[in-house]
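Quick notes on the structure that follows.
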Amino acid sequence: MSTIDYSDKIPNNVNLSEDRTLQRALEQWQPNYLKWWDDMGPDGSQNFDVYLRTAVSVDPQGWAQFGHVKMPDYRWGIFLNPAEQDRKIHFGDHKGEAAWQDVPGEYRANLRRIIVTQGDTEPASVEQQRHLGLTAPSQYDLRNLFQVNVEEGRHLWAMVYLLHKYFGKDGREEGEALLERNSGNADNPRILEAFNEETPDWLSFFMFTYFTDRDGKFQLCALAESSFDPLARTTKFMLTEEAHHMFVGESGVSRVINRTCQVMNELKTDDPAKLRAAGVIDLPTIQRYLNFHFSVTIDLFGADESSNAATFYSTGLKGRYEEGKRTDDHVLKGQFYKVLNVQNGQLVEKEVPMLNALNEVLRDDYIKDSVGGVERWNKVIEKAGIPFRLKVPHKAFHRNIGLLKGVKVAPDGRVVSEAEWNANRDNWLPSEGDRAFVASLMGRVVDPGKFANWIAPPVMGINRQPVDFEYVRFA
Ligand SMILES: [Fe+2]
Ligand SMILES: [Fe+2]
């Protein structure tokens, strides 16, 4: 008999101690996970005491505890939202039947693929962000980075739990493979392209957590509708944590803008060269970063026409965003949706069966949601009395998947010639020079309450702590 209580080591609300096989499988995976964290997790941070929240239950009133912990000692737990009694499948061909508590044999391969693809993004983002701690603009920001990182680690646990519990040997092998692929690795990369890009600086990090973590939100929302009940319950709880990641992004970009506007008003200039000389990031550069992260992220929703998307929906594996709030028949046969196509050098709308266009449907919902924060950023600029506005680019801009792949489209939606694209590329996307400039600002500010020159302090601290609280204690 084991003398170690692993159910205690792995906080959970799934009665782990009652399922010995599962417990043993996770118990064997845990040291490999910790080794991965050691090798690929936040660089040089193993001994820091970080003021982190840890999920300890799914009670909306108090699901997390705050306290200083060393990240390798973070208690990555497994939490599912409570089961809904007699939950019914509410979309697709099985609509009205009881939700599945186990994996139906005929959908096993597709469900596994969906869970692995979601799971792969979680450790990928930790890998992408692993060097950022070395150039944090403040202790407050360093703590937020680490909070996002440990929670992406927990999201990996959430997916590995499903793989171990419901997919037997295949699932355990997938659990190992999730630790073996690495972001940007030429031989064994992460599954999705955007998760193989580096997150080289903090402006990129804030854009990533605003735009790309929001892609995570939409994918999780679609999976939270799943007929496979354990997947629905797992992803619902992951969404609770995701909100903070997007807050880090939205408030981070907002603080960068705020600081830039202050200096613009102090120096009475909008000249990027003068602003750069003063050590802040000019608004056109922020717009180019926005263009890049927005366009790369909307590619993540996949091809505009996809028979897989239709299958995943009709078989009940993956719903639409807020499926339950929609008033149509939730089967979608014989319905149509407009996607964009290029004809004779112009963007034209094309009607396709809605089932095949569900990636586009989710992408359009995402776009509506992501515009909101950009408008809040514009309020900061407006309040400073500056006549500049940020804008999300047209959805055909800089795309690399589906019908729009490789089509040259300006941010305003005009199809342009190769020559016009080349002449404007550096006005529309971050240039080498932009990236080098932003990189040159990245220093390391670690005194409590101090902030790098290019970013304003936050309005308030974390968990009602003061802004100058000691969020990270360095060993
Ligand atoms: Fe995540
Ligand atoms: Fe996230």
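The values are calculated or read from the model by the stated rules, or taken from the named source; none is laboratory data. Keep in mind the model is a prediction, meaning the values are calculated, not measured. Don't worry about glycine lacking a Cβ; one is built from the backbone with ideal geometry, like all the others, and counts go over all protein chains shown.
Working carefully through the options Pro72, Pro31, find the one that is under 26 Å from the mean Cα position of the chain (by Cα), over 15 Å from Glu151 (Cα atoms) and assigned to a helix (DSSP H, G or I).
From the options Pro72, Pro31, the qualifying one is Pro31.
Restricting the search to region 313-330, which residues are among the hydroxyl-bearing types (Ser, Thr, Tyr) and within 18 Å of Asp364 (Cβ to Cβ)?
Tyr313, Tyr321, Thr327
Which condition does Gly67 not pass, out of (1) outside any helix (DSSP H, G or I); (2) within 24 Å of the chain's Cα centre (by Cα), if it passes all the others?
(2)
Checking the structure you have, find out if any residue of region 97-113 is in contact (Cβ under 8 Å) with a residue 12 or more places away in the chain, within 16 Å of ligand 1 (Cβ to nearest atom) and either polar (S, T, N, Q) or assigned to a helix (DSSP H, G or I) (or both).
no
Okay, residues lined up against (1) among the small types (Gly, Ala, Ser); (2) in contact (Cβ under 8 Å) with a residue 60 or more places away in the chain; (3) farther than 23 Å from Asp215 by Cα:
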| residue | (1), (2), (3) |
| --- | --- |
| Asn344 | no, no, yes |
| Leu347 | no, yes, yes |
| Arg376 | no, yes, no |
| Ala384 | yes, yes, yes |
| Phe397 | no, yes, no |
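Does any residue of region 415-431 turn out to be surrounded by 13 or more Cβ atoms within 10 Å (Cβ to Cβ), of a type outside the set (D, E, K, R), out of contact with any Pro (no Cβ under 8 Å at 6 or more places or on another chain) and closer than 16 Å to Val348 by Cα?
Looking for residues that are surrounded by 13 or more Cβ atoms within 10 Å (Cβ to Cβ), of a type outside the set (D, E, K, R), out of contact with any Pro (no Cβ under 8 Å at 6 or more places or on another chain) and closer than 16 Å to Val348 by Cα, one finds at least one in region 415-431, hence yes.
Condition first: more than 30 Å from Arg172 (Cα to Cα) and out of contact with any strand residue (DSSP E or B) (no Cβ under 9 Å at 6 or more places or on another chain). Now tell me which residues in region 141-161 satisfy that.
The answer is Asp141, Asn144.
Pairs please, first residue from region 227-248 and within 20 Å of Arg320 (Cβ to Cβ) and modelled with pLDDT of 95 or more, second anywhere and of a type in the set (Ser, Thr, Tyr) and more than 10 Å from ligand 2 (Cβ to nearest atom), Cβ atoms under 6 Å, 6+ apart in sequence or on different chains.
Close Cβ pairs (under 6 Å, with a partner that is of a type in the set (Ser, Thr, Tyr) and more than 10 Å from ligand 2 (Cβ to nearest atom)) amount to Ala232/Ser226.
For Asp364, only one of the following conditions fails: (1) within 18 Å of the chain's Cα centre (by Cα); (2) of a type in the set (D, E, K, R); (3) under 26 Å from Gly105 (Cβ atoms). What is its number?
The failed condition is (3).
For region 270-300, name all the residues that are of a type in the set (Phe, Trp, Tyr) and not in a helix (DSSP H, G or I).
none
State all residues of region 336-377 that are exposed (fewer than 13 other Cβ atoms within 10 Å of the Cβ) and either touching a helix residue (DSSP H, G or I) at 6+ places or on another chain (Cβ under 6 Å) or at pLDDT below 95 (or both); if no residue qualifies, say none.
Gln343, Asn344, Gly345, Gln346
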